[in-house]
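Okay, so here's the structure we're looking at.
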Amino acid sequence: MAETVYFSLGTNLGNRLANLTEAIKSLSAFCRDIFSSPVYETPPWGFIDQPLFLNQAVRAETDLEPLPLLTAIKSLEVDLGRQPNFLYGPRLIDIDILLYGSRVLQTGALTIPHPMLAQRAFVLVPLAEIAPGLVHPVTGKNMAALLAELDASGVKLVPNEPTQ
């Protein structure tokens, strides 16, 4: 049975806009009805001595269960050129599962909703853009309310022609 899933995409290496475009196109291998937010440029989070990121949220439908979906997106990241790196380091592409329907799941490999979702403006700004009323299944707050609790001043909408 199809489930609505939300992803966060991020990139800060190479042609960042092309990386996002290619990632969204590649999601169609296992997702359909793909809808993406505008692109935002954001400061790095966790490790700050690196280039600015481009971030985007994506809503899609999938027939994959959460763990096979995680396997598919991690394989997709490698196919798109992601190299192993340190935690929060620079990356060509990063795709995270934010929400999977209203499921709450915690395994050694995957936690849904994403455990840092409510603390990251670079995730919530684009997510609230496409799904402001979407309710976080643990906090009970919608994305717009969660975003209102954060400082999102560093998250900037990218014009149609971003700088590389």
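Within the stretch 1-36, restricting attention to residues that are among the basic types (Lys, Arg) and not in a strand (DSSP E or B), which residue is surrounded by the fewest Cβ atoms within 10 Å (Cβ to Cβ)? First the steps, then the outcome.
Of the residues in the stretch 1-36, the ones among the basic types (Lys, Arg) are 16, 25, 32.
Still in the list and also not in a strand (DSSP E or B): 16, 25.
Working: Arg16: 24, Lys25: 11.
Here the residue is Lys25.
Kindly indicate which of Leu124, Leu92 is assigned to a helix (DSSP H, G or I) and of a type in the set (A, V, I, L, M).
Working: Leu92 fails: assigned to a helix (DSSP H, G or I).
The match here is Leu124.
Scan the stretch 132-147 and tell me whether some residue there is basic (Lys, Arg), touching a residue at least 40 places away in the same chain (Cβ under 8 Å) and touching a strand residue (DSSP E or B) at 6+ places or on another chain (Cβ under 8 Å).
To start, the set of residues in the stretch 132-147 that are basic (Lys, Arg) comprises 141.
Checking which are touching a residue at least 40 places away in the same chain (Cβ under 8 Å) leaves us with none.
Taking every residue of the stretch 132-147 in turn, none turns out to be basic (Lys, Arg), touching a residue at least 40 places away in the same chain (Cβ under 8 Å) and touching a strand residue (DSSP E or B) at 6+ places or on another chain (Cβ under 8 Å).
Here is a yes/no grid of residues against (1) outside any helix (DSSP H, G or I); (2) closer than 30 Å to Pro159 by Cα; (3) without any contact (Cβ under 8 Å) to a residue 24 or more places away in the chain:
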{"position": "Pro38", "(1), (2), (3)": "yes, yes, no"}
{"position": "Asp49", "(1), (2), (3)": "yes, yes, yes"}
{"position": "Asn55", "(1), (2), (3)": "yes, yes, no"}
{"position": "Val58", "(1), (2), (3)": "yes, yes, no"}
{"position": "Leu64", "(1), (2), (3)": "yes, no, no"}
{"position": "Leu67", "(1), (2), (3)": "no, no, no"}
{"position": "Leu70", "(1), (2), (3)": "no, no, no"}
{"position": "Ile73", "(1), (2), (3)": "no, yes, no"}
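Collect the residues in the stretch 70-100 that are within 15 Å of the chain's Cα centre (by Cα) and surrounded by fewer than 14 Cβ atoms within 10 Å (Cβ to Cβ), keeping them in residue-number order.
Scanning the stretch 70-100 gives Lys74, Tyr88.
Among the residues of the stretch 107-164, write down those that are of a type in the set (Asp, Glu) and in contact with a Ser or Thr (Cβ under 7 Å, 6 or more places away or on another chain). Spell out how you get there, then give the answer.
Quick first cut of the stretch 107-164, residues of a type in the set (Asp, Glu) only: 129, 149, 151, 161.
Correct list: Glu129 only.
Just need a number here: residues in the stretch 148-164 that are touching a residue at least 40 places away in the same chain (Cβ under 8 Å) and in contact with a Phe, Trp or Tyr (Cβ under 9 Å, 6 or more places away or on another chain). Reasoning before the result, please.
The first filter runs over the stretch 148-164 and keeps only residues touching a residue at least 40 places away in the same chain (Cβ under 8 Å), leaving 154-158, 162, 164.
Cutting the leftovers down to in contact with a Phe, Trp or Tyr (Cβ under 9 Å, 6 or more places away or on another chain) gives us 154-158.
Selection size over the stretch 148-164: 5.
All of the numbers you see were taken from the coordinates with simple rules; none came from a lab. The model shown is predicted, which means the values in this text are computed figures rather than measured ones. No Cβ is skipped: glycine too gets one built from the backbone with ideal geometry, and neighbour counts run over all protein chains shown.
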